[in-house]
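The values are calculated or read from the model by the stated rules, or taken from the named source; none is laboratory data. The model shown is predicted, which means the values in this text are computed figures rather than measured ones. FYI the Cβ positions are ideal-geometry reconstructions off the backbone, even for glycines, and counts take in every protein chain you see.
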Amino acid sequence: MQAEAPQAYQMFVGGAWVPSHSARNYPVYNPATGNVLARVPKGDTEDAKAAVDAAKRAFEDPAWRSIDPSKRGRVLYKVSQTLRERLADFAKLETTNNGKPLGQAKGDVAMAARHFEFFAGLADKIQGYTIPVPGNRLDYTIREPLGVTAHIVPWNYPLVMAARSIAPALAAGNTVVAKPASFTPLTLLRFAEVCKESGLPDGVVNVVTGGGNEVGGALASHPDVKHVALTGSVETGVNVMGLASHNLTRLALELGGKNPTVVFADADVEKASRGVLNGIFTNAGQMCWAGSRLLVEAGVKEALLSRIVEGANAMRLGNGLEPETTMGPLVAESQRERVAGYVEAGVEEGAKLVAGGSAPIGERLGSGYFYSPTVLDGVSPDMKVARDEIFGPVLSVSEFKAEADAISYANGSEYGLWAGIWTRDLGRAHRVASKLESGIVGINEEPVTFPQTPFGGFNKSGNGSEQGVDAVLSYVRTKNVSVNLD
């Protein structure tokens with residue numbers, strides 16, 4: 001395909017496009033071609049502070065904070081409708097910047113719009129309550145917005161991950177500073193335009209590009225930031241938690257997983273194989289809740305594994321804009337090197353490579369950051385590929401003989417985000433689900449979520465929960481008022 005002409009972007013602060021304080025910029029690449037796609041400002045601490053200042057001014061302005069909540073909801077609904085109207089353009093930009101197939105990118109944009117629809121409907125339903133207390137008193141609570149909220153967005157789902165935390169923050173009346181991942185800033189910058197066009201006052205939504213240490217660190221440690229939402233690695237989460245602790249800033253941390261899919265011998269093998277394939281190879285496995293560990297009962301392993309290997313080998317790698325593509329590239333060359341290193345380590349530790357295991361060669365794919373869908377069999381719980389989050393298209397396969405062993409293997413991880421169960425025995429399904437250390441459990445389906453369902457993990461997968469009614473409550477503070485009526 002013809003190389004794209006690099007486009008110059010600016011940051012969005014206070015309702016206007018602005019360069020970085022330092023006048024620096026950096027290249028953003030198309031992972032399918034390796035070509036420079038755009039040049040984006042390399043923000044620093046001063047840019048982060050300027051964005052927080054703009055957001056604080058917007059929060060203190062009654063134009064947003066004191067607006068009728070139903071009107072606030074209508075503004076957010078306009079954002080959702082505009083995203084739907086421009087779905088094709090946003091999806092193409094997401095695919096070009098992230099690499100995922102266009103169909104998946106379209107689903108992401110639709111999901112982002114759905115988040116704004118859902119939380120638009122909650123904007124005028126954030127209610128307090130009255131409390132019976134002794135004496136002639138009226139006691140009640142008020143739920144107030146926090147103020148400036150910071151949103152540190154990952155590169156695997158750049159638009160939808162931003163939407164799922166920005167939408168509830170805005171619904172509650174807060175203002176926002178968002179920092180997209182350095183690899184994938186383009187759709188969030190374009191989204192800022194949508195916010196302004198939809199009627200959000202200047203400064204309510206700000207987008208600052210740049211590195212995590214400089215911009216992300218400055219946001220997490222800023223005393224005027226009252227809430228930080230982060231999706232990222234455990235290491236990043238620990239760093240952000242440390243920075244935010246100095247101001248006792250609220251946090252919502254979603255930090256990844258090493259997610260088990262447990263397939264029992266009575267499962268529908270055909271459906272289970274499709275679920276496993278989609279659960280690990282969607283978005284090239286670059287998902288916090290990817291089903292990267294397959295735990296399969298001995299009696300069905302051969303039949304299931306043969307279907308999975310066949311499906312992995314049949315996947316069509318390519319540019320996400322090509323309609324026949326079923327899996328795109330990894331986001332960067334460094335990510336491909338990371339994945340390859342884990343596969344090599346798995347083989348060295350004794351795992352058997354039964355599909356993939358290399359970067360494809362040839363003129364069509366040679367310049368992109370592609371890695372073949374990979375399946376490793378005979379993986380024991382102590383291997384690195386069974387313990388570490390690889391964040392790529394690598395499935396590790398282990399066998400179990402008893403239900404108790406399956407539960408033990410599934411819980412033998414420092415993470416606890418998602419777990420899958422495949423069985424026709426619903427009694428077993430519920431019994432096992434109750435014993436799994438996972439914030440989300442899917443029964444007889446691949447990873448799936450909705451704006452109205454909570455999304456969050458246990459253990460090192462993070463704390464707090466995105467999505468659902470509870471998410472909007474994390475963006476408010478509760479004030480108690482007691483009135484003596486005598």
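General remarks:
- Considering Glu389, Glu363, the condition of being free of Cβ contacts under 8 Å to residues at least 60 places away in the same chain, more than 17 Å from Gly442 (Cβ to Cβ) and acidic (Asp, Glu) is satisfied by Glu363 alone.
- Whichever residue in region 432-473 is out of contact with any strand residue (DSSP E or B) (no Cβ under 6 Å at 6 or more places or on another chain) and of a type in the set (Ser, Thr, Tyr) and, among such residues, is farthest from Gly121 (Cα to Cα): Ser434
- Cβ pairs under 8 Å, 6+ apart, first in region 116-134 and touching a residue at least 60 places away in the same chain (Cβ under 8 Å) and closer than 20 Å to Gln467 by Cβ, second assigned to a strand (DSSP E or B) and not aliphatic (A, V, I, L, M): Ile126/Arg143
- Residue match in region 445-453 (condition: aliphatic (A, V, I, L, M) and surrounded by 22 or more Cβ atoms within 10 Å (Cβ to Cβ)): no
- Residues satisfying the stated conditions in region 12-66, i.e. in a loop (DSSP other than H, G, I, E, B) and more than 18 Å from Gly216 (Cα to Cα): Gly14, Gly15, Ala23, Asn30, Pro31, Ala32, Thr33, Gly34, Asn35, Asp61, Ser66
- Listed by first and then second residue, the pairs with beta-carbon distance under 9 Å, at least 6 apart or on different chains, first residue in region 337-349 and at pLDDT below 95, second assigned to a helix (DSSP H, G or I), form an empty list.
- Identity of the residue in region 31-52, out of contact with any strand residue (DSSP E or B) (no Cβ under 8 Å at 6 or more places or on another chain) and in contact (Cβ under 8 Å) with a residue 40 or more places away in the chain, that ends up nearest to Gly14 (Cα to Cα): Lys49
- Within region 283-321, the set of residues being within 30 Å of Ser233 (Cα to Cα) and basic (Lys, Arg) comprises Arg293, Arg316.
- Residue match in region 417-425 (condition: touching a helix residue (DSSP H, G or I) at 6+ places or on another chain (Cβ under 6 Å), within 14 Å of Glu254 (Cβ to Cβ) and either at pLDDT 95 or above or assigned by TED's automatic domain parsing to the domain that holds Asn278 (or both)): yes
- For region 104-125, a tally of residues being more than 18 Å from the chain's Cα centre (by Cα) and surrounded by fewer than 20 Cβ atoms within 10 Å (Cβ to Cβ) returns 4.
- Scan of region 51-85 for residues that are buried (at least 21 other Cβ atoms within 10 Å of the Cβ) and closer than 27 Å to Gly210 by Cα, ordered by number: Ala51, Val52, Ala54, Ala55, Ala58, Phe59, Leu76, Val79, Ser80, Leu83
- Residue count for region 341-364 satisfying the condition of being of a type in the set (A, V, I, L, M, F, W, C) and surrounded by fewer than 18 Cβ atoms within 10 Å (Cβ to Cβ): 4.
- Single residue of region 257-279 satisfying the filter (closer than 18 Å to Val379 by Cα and assigned to a loop (DSSP other than H, G, I, E, B)) that is nearest to the chain's Cα centre (by Cα): Gly257
- Scanning region 329-349 for residues that are farther than 21 Å from Asn35 by Cβ and either assigned by TED's automatic domain parsing to the domain that holds Glu94 or among the basic types (Lys, Arg) (or both) yields a count of 1.
- Residues in region 408-442 that are in a strand (DSSP E or B) and either small (Gly, Ala, Ser) or over 23 Å from Glu270 (Cβ atoms) (or both): Ala419, Gly420, Ile440, Gly442.
- Verdict on Val207 being under 23 Å from His21 (Cα atoms), hydrophobic (A, V, I, L, M, F, W, C) and touching a Lys or Arg at 6+ places or on another chain (Cβ under 9 Å): yes
- In the set (1) surrounded by 21 or more Cβ atoms within 10 Å (Cβ to Cβ); (2) of a type in the set (A, V, I, L, M); (3) in contact with a strand residue (DSSP E or B) (Cβ under 6 Å, 6 or more places away or on another chain), the condition left unmet by Ala8 is number (1).
- The listed residue being of a type outside the set (Val, Ile, Thr), in contact with a helix residue (DSSP H, G or I) (Cβ under 6 Å, 6 or more places away or on another chain), farther than 30 Å from Asp224 by Cβ and assigned by TED's automatic domain parsing to the domain that holds Pro180, out of Ala91, Ala123: Ala91
- The residue of region 454-486 that is surrounded by the most Cβ atoms within 10 Å (Cβ to Cβ), among those that are assigned to a helix (DSSP H, G or I) and not polar (S, T, N, Q), is Ala471.
- Filter result for Arg84 (in a helix (DSSP H, G or I) and more than 23 Å from Trp17 (Cα to Cα)): yes
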